[in-house]
Structures are given as structure tokens and as C-alpha cells.
């Protein structure tokens, strides 16, 4: 949508700039190469985190470091139904994190889903394709939750109509039984 375009463009350009990662061995443990954004063992290799916010309910946190970037997304949730659907959807995705390679199993506190991109990912995958994947995910997750909400509402409407028709039928039957002499 047109309203989403500037927000996604800001995320795309910021993430592209943050993905200038390099192989960086741990300064604490010899021969270890941990994502510094996760380990947080050396403050000098962590860069300033950035928040790109569309509104108070929809934002992205980008936490860059010298060898990794953690990206966390707060997905738009207008009501209780969308909150429940978002929780189920993100839980479903995170349970399959190994299939998505860059997806974390647990989101950063205050966000719905998080991704961890390391220098190993940028060495084996095309950087612009990683960015495209994240942007496409952000576009599709809103659509997916909206479609699930519409489907849920349609299903609830059918259930309510069926229930009401049964109740009406029983009410007619009861009123019929009261009218006939015994």
C-alpha cells in the first residue's frame, strides 16, 4: 500500500547500511566467533540501535554490531483478535526458525518477532536478497493476519447463524407445544 511504502523504504535503506558485516573473532574467548549483538561482550563492537516507527503499534528495532545485526519487528495489532492471531502466527513461525535460517526462536522483549543476520549469512547469501526477504515478510505478515481475521469473522458468522437458527427452531417448537391442547 502507499501508506506503508515510506516506512518500508526507511527499513530497507537502514538495514542495507547495517548489513556491512565482517568476520570478527571474540575479544574475550580465543577462536570464538559469536554474534556480538547477542553476546554483548565488547561494547566497542556494538553500534547504536535504531528504531524506525510508523506509529506506536508498528515499529522496527535494528541493532547492528561489527559481525551481526538483530532486527526486531512489532507487528500492527488493532484489536484483541489481531493480537491473538499475531501471537499464534509468530509462534508458528518461530517454531520453524531453522527453516528460515535468519529467524530467532525468541523475539526481543517488546517485539513480536526477531531476526539475527550474521556475517556468515552475508557471505553465503546475497545481501540484497536478505533485505528483500525481510521487507517481503513485513508486507506479507500484515496481509496474512488481515486474511486470517476475515476468515475467522466469516466462520464466526456462520456458527452464529447456525446456532440462532437452531434456537429459533426450538423456540417455535416450544411455542407450538404450548398452544396444542393435551
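A short reminder: the numbers here are calculations on the coordinates, not readings from a lab. Only a predicted model underlies this, so the values are computations on that prediction, with no experimental measurement involved. Cβ atoms come from the backbone with ideal geometry, glycine included; neighbour counts cover every protein chain shown.
Going from the alpha-carbon gyration tensor of segment 44-96, what semi-axes, largest first and in whole Å, does one get by taking the root of 5 times each eigenvalue?
On the way: eigenvalues 140, 48, 5 Å².
Those come to 26, 16, 5 Å.
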Practice item. Mind giving me the FRET efficiency for residue 106 and residue 173? R0 is 41 Å, r the Cβ-Cβ distance, nearest 0.05 is fine. Key: 0.15
Practice item. Calculate, for residue 33 and residue 147, the FRET efficiency according to 1/(1 + (r/R0)^6) with r their C-beta to C-beta distance and R0 41 Å; round to the nearest 0.05. Key: 0.50
Practice item. Provide the descending list of Cα extents for the chain along its principal axes, expressed in whole angstroms. Key: 95, 37, 27
Revision key, fill the gap. Note: residue 156 to residue 91 extended length (0.36 nm per residue) minus current alpha-carbon separation gives 21.1 nm
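Quick check: from the Cα gyration tensor, does segment 86-182 come out rounded (a/c under 1.5), prolate or oblate?
On the way: a/c = 5.96, a/b = 4.28, b/c = 1.39.
Prolate, because a/c is 1.5 or more and a/b exceeds b/c.
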Point to revise | Relative contact order [Cα under 8 Å, 6+ residues apart], segment 97-177, whole percent | key: 13
Check your understanding: What does segment 1-106 give for Rg and for Dmax, in Å, if only its C-alpha atoms count?
Key -> 16.1, 49
Review point. Which of 37, 158, 102 comes first, and how do the rest follow, when ranked by fewest Cβ neighbours within 10 Å?
Key: 158, 102, 37
Exercise for review: Please report 91, 83, 70 as a ranked list, fewest other C-beta atoms within 10 angstrom at the top and most at the bottom.
Suggested key: 91, 83, 70
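Output the direction-averaged projected area (hull surface divided by four) of the convex hull of the alpha-carbon atoms of segment 101-154, in nm².
4.7
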Point to revise | Cα centroid separation, segment 110-143 to segment 43-77 (Å) | key: 12
Study note, to complete from the structure: Share of Cα-Cα pairs in segment 64-121 beyond 13 Å, whole percent, is 63
